[in-house]
Amino acid sequence: MSEKRKELPGRWGWRKRDFGLSVWVAFLAACAGTFVIFAVIDPEALNDAWVLPWEMGSRLAYSLGFLFLFVVSLIASGLTAFMIRSGPRRGHARGKGRQAPPDIHPPEENNPDLDLEDWK
């Protein structure tokens, strides 16, 4: 069992799969977010709201909005993949690998100067 497992040809490793999954999830989230945001906000109204030295067209507004949402979604999905991979090992939920509960001793055993009359 100590032998290194052979990789199948054409099969991606964990890191490549996590990266590909993170990029795909971020792309889908950015698409959905762009649809929602620009269904509510008109890109042409952004020119009136902000005073810019250059005029922003609708294509540039759509592109910048999508890029912003893609980067935020990519960071979120990448952190999620990292947290899943660096979490507790398998079997932890079934009690394997947990520490034993601490022993509970009566207070007078650890504190010989304790007068039990004070507790009444």
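The values are calculated or read from the model by the stated rules, or taken from the named source; none is laboratory data. What you see is a predicted model; the values in this text were computed from it and never measured. Quick reminder, even Gly has a Cβ in these numbers, built from the backbone with ideal geometry, and neighbours come from all protein chains shown. These accessible areas exclude ligands, DNA and RNA; they are computed on the full protein's heavy atoms, side chains included. Shrake-Rupley method; radii C 1.70, N 1.55, O 1.52, S 1.80 Å.
Looking only at residues of the range 13-44 that are open to solvent by less than 50 Å² (accessible area, probe 1.4 Å) and either closer than 14 Å to Ser58 by Cα or touching a residue at least 60 places away in the same chain (Cβ under 8 Å) (or both), we find that the one that is nearest to the chain's Cα centre (by Cα) is Asp18.
Could you run through the range 1-42 and say how many residues are modelled with pLDDT under 80 and touching a helix residue (DSSP H, G or I) at 6+ places or on another chain (Cβ under 8 Å)? Reasoning before the result, please.
Initial filter on the range 1-42 (modelled with pLDDT under 80): 1-10.
Now restrict to residues that are touching a helix residue (DSSP H, G or I) at 6+ places or on another chain (Cβ under 8 Å): none.
The qualifying residues number 0.
The number of residues in the range 17-65 that are within 17 Å of Thr80 (Cβ to Cβ) and touching a Gly at 6+ places or on another chain (Cβ under 7 Å) comes to 1.
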